[in-house]
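For reference, the structure discussed in these notes is given below.
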Amino acid sequence: MMKNLNVKIIEVGPRDGLQNEKKILSTADRVTLVKKLAVAGLNQIEFGAYVSPKWVPQMYGTERMAKSLNKWTARPKKLSLSALVPNEYGMQEFLKNPSEKASLFTATSEKFSFKNTNCSIKESFERMIPIIKLATKNKIKLRAYISTVFGCPFEGQTSLARAVKLTDKFFKMGVHEVSIGDTIGVASPKQVRNFLDLCEKKRLPMNRIAMHFHDTRGTALANVVESLNWGIRSFDTSIGGLGGCPYAPGALGNLATEDLVYLLKRMGYKTSVNLKSLVRIHHWIQKKVAHPLNSHVGASGPWILT
Ligand code: HMG
Ligand code: MG
């Protein structure tokens with residue numbers, strides 16, 4: 001069988017990246033970032049979060065961003081936007097200026113779930129019921145994140161079997177894509193192999209699983225290569241390797257989009273993204289957040305300028 005060489009990148013920098021920055025960016029700057037990323041060829045972008053601004057002040061004004069992005073006349077046809085939605089209130093806000101996808105989220109660690117959303121894992125699923133009803137009624141696609149799959153800052157080692165169970169549960173609930181979160185960047189390729197082996201044995205749809213690696217300990221690209229070997233073709237990344245989770249102490253940014261695109265190109269995989277543009281955006285957003293970013297290719301240049 002011919003190997004599928006097309007890889008989908010879900011850019012989460014404007015949400016996962018900026019939610020952890022000390023400097024809170026204006027909604028105008030965040031909209032500009034999303035537009036630059038879309039023009040660079042990223043056609044799946046998580047632009048914000050309908051969460052409480054008391055919990056994550058960096059995501060204030062997500063509804064205004066949605067309004068502005070929906071009015072963008074030069075908006076690329078293929079662009080699909082998503083935003084985090086934690087509860088029914090968030091979904092009602094989302095629907096005032098709807099985007100293509102709403103992102104649900106939970107965790108495999110009870111302690112992390114409480115720290116992040118003030119509820120148990122079970123309660124997080126109860127909160128999803130009205131979100132899913134509203135999404136179905138309004139033809140909004142659903143993505144779902146599972147955090148702490150490979151380890152938790154509060155509970156340590158977490159259960160891969162539990163993560164597989166939750167992934168299966170999400171698919172049965174009608175979620176289109178499940179994103180597997182290495183929230184604090186502790187995973188190794190061995191753990192990724194064990195997780196994906198369990199998924200395959202359970203006959204989960206591998207083409208609807210995305211891997212979400214944070215690069216805290218420099219293992220993200222190794223984990224990508226392991227995932228590619230298992231047939232995974234969707235990865236969440238963040239421009240410049242921005243970010244982390246405000247409720248996961250010690251978490252660094254996601255794998256940098258430009259580092260992933262470089263690796264994929266050098267390995268013969270195809271993406272929709274222009275690497276040279278990404279490096280320019282890296283330098284632009286670096287000035288905005290006012291500190292050096294955690295990305296190799298952004299800092300060194302792409303070598304092969306495409
Ligand atoms: P709570 O305090 O338990 O909620 O927070 P509440 O229902 O008691 O409401 C408290 C206040 O928040 C009320 O306002 C509500 O109206 C308001 P007040 O009466 O005090 O003025 N409120 C809201 N405001 C705006 N939008 C809403 C909303 N809901 C209630 N949707 C809640 C519960 C879930 C709201 C809170 O815990 C929260 O917002 N948590 C979000 C935390 C977060 O965004 N974390 C980062 C994202 S997850 C992540 O990064 C991991 C990921 O990247 C994957 C990985 O790497 O693993 C996805
Ligand atoms: Mg994350």
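For region 8-305, what is the relative contact order in percent, using Cα pairs closer than 8 Å and at least 6 residues apart in sequence?
This gives 19 percent for region 8-305.
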Hydrophobic long helices for the chain, i.e. whole DSSP H runs reaching 20 angstrom or more by Cα along the axis with Kyte-Doolittle mean at least -1.0, come out as 121-137, 275-289
Which entries in the list LYS35/LYS276; LYS78/LYS270; LYS54/LYS122 go over 20 Å, if you measure between the two C-alpha atoms of each? LYS54/LYS122
Taking 25 Å as R0, compute the FRET efficiency from the Cβ-Cβ separation of ARG203 and LYS133 and round it to 0.05. 0.35
Here FRET efficiency (C-beta to C-beta, ASN118 to ASN194, R₀ 22 Å, nearest 0.05) is 0.10
Region 54-176 shape via C-alpha gyration tensor axes, a/c threshold 1.5: prolate
Given the peptides 182-195, 267-280, arrange them by the average over their residues of other C-beta atoms within 10 Å, most packed first. 182-195, 267-280
Once label points are set 7 Å from the Cα along Cα→Cβ at both ALA161 and GLU100, what is their separation, rounded to one decimal in nm? 3.8 nm
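None of the figures in this text is laboratory data; all of them are computed from the coordinates on show. Fair warning: this is a prediction, and the values are worked out from it, not measured in the lab. Here the Cβ is made from the backbone with ideal geometry for all residues, glycine too, and neighbour counts use every protein chain on show.
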